[in-house]
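Colleague: Before anything else, here's the structure in question.
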Amino acid sequence: MSRVCELTGKGPMVGNNVSHANNKTKRRFLPNLQDVTLGSDILDRRFTLRVSSAAMRSVDHRGGLDAYLAKAKDDELSPKALKIKKDIAKAQATA
């Protein structure tokens, strides 16, 4: 399972551990990913996504999964999230 947020595209970063003696060794900074079940009001369904904590705050701030995906850029979303976004857009067009 890849360590990439399905909504923001946030992934691991690289950096250095720096000791007191200023020795540097490579390390990875991993995003805080959680398996979360988010609900869509328009589709009346629930989806399980692997999302970072920052993305969960953004979803809450924008007013839910539907509003977040409406404003999200397609290149940041995972294929699963992109399919949800297209299903929501289709449901809004028919309603």
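Colleague: Find the residue count for the range 6-43, including only residues that are without any contact (Cβ under 8 Å) to a residue 60 or more places away in the chain and within 15 Å of L69 (Cβ to Cβ). Please lay out each step first, then the result.
Modeller: Taking the range 6-43 as the starting set, the residues that turn out to be without any contact (Cβ under 8 Å) to a residue 60 or more places away in the chain are 10-43.
After this cut, where a residue has to be within 15 Å of L69 (Cβ to Cβ) as well, the list is 36, 38-43.
Number satisfying all stated conditions: 7.
Colleague: Let me ask you something else. Name the single residue, out of those in the range 10-35 being among the small types (G, A, S) and surrounded by 10 or more Cβ atoms within 10 Å (Cβ to Cβ), that is farthest from F47 (Cα to Cα).
Modeller: Taking the candidates together, the pick is G15.
Colleague: Is it fair to say K85 is closer than 15 Å to T8 by Cβ and assigned to a helix (DSSP H, G or I)?
Modeller: On the way: closer than 15 Å to T8 by Cβ: yes; assigned to a helix (DSSP H, G or I): yes.
For K85, the condition - closer than 15 Å to T8 by Cβ and assigned to a helix (DSSP H, G or I) - is met.
Colleague: Can you pull out every residue in the range 70-95 that is free of Cβ contacts under 8 Å to residues at least 40 places away in the same chain and closer than 19 Å to L33 by Cα? Steps first, please.
Modeller: Looking only at the range 70-95, we keep the residues that are free of Cβ contacts under 8 Å to residues at least 40 places away in the same chain, and these are 70-71, 73-74, 79, 82-83, 85-86, 89-90, 93-94.
P79, L82 - these are the residues of the range 70-95 that are free of Cβ contacts under 8 Å to residues at least 40 places away in the same chain and closer than 19 Å to L33 by Cα.
Colleague: Of the conditions (1) in a loop (DSSP other than H, G, I, E, B); (2) over 26 Å from A95 (Cβ atoms), A55 clears all except one; give me its number.
Modeller: (1)
Colleague: In addition: Any residue in the range 47-60 that is in contact (Cβ under 8 Å) with a residue 12 or more places away in the chain sitting within a Cβ distance under 8 Å of a residue that is assigned to a helix (DSSP H, G or I) and crowded, with 16+ Cβ neighbours inside 10 Å? List the pairs, counting only those 6 or more apart or interchain.
Modeller: Close Cβ pairs satisfying both conditions: F47/L65; F47/I84; L49/A81; V51/V59; S58/Y68; V59/L65; V59/Y68.
Colleague: Taking the range 56-82 as the search range and keeping residues that are of a type in the set (A, V, I, L, M) and in contact with a strand residue (DSSP E or B) (Cβ under 9 Å, 6 or more places away or on another chain), which one is farthest from K10 (Cα to Cα)? Show your work before the answer.
Modeller: Taking the range 56-82 and keeping what is of a type in the set (A, V, I, L, M), we get 56, 59, 65, 67, 69-70, 72, 77, 81-82.
When the remaining residues are screened for being in contact with a strand residue (DSSP E or B) (Cβ under 9 Å, 6 or more places away or on another chain), the result is 56, 59, 65, 69, 81.
Working: M56: 12, V59: 15, L65: 17, L69: 16, A81: 14 Å.
Filtering the range 56-82 for residues that are of a type in the set (A, V, I, L, M) and in contact with a strand residue (DSSP E or B) (Cβ under 9 Å, 6 or more places away or on another chain), the one farthest from K10 (Cα to Cα) comes out as L65.
Colleague: Where residues in the range 36-95 are touching a Phe, Trp or Tyr at 6+ places or on another chain (Cβ under 8 Å) and of a type in the set (S, T, N, Q), which of them is surrounded by the fewest Cβ atoms within 10 Å (Cβ to Cβ)?
Modeller: Taking the candidates together, the pick is T37.
Rule-based calculations on the coordinates, nothing more; no lab input. Computed from a predicted structure; not experimentally measured. Using ideal geometry, Cβ is built from the backbone for each residue, glycine included, and neighbour counts are taken over all protein chains shown.
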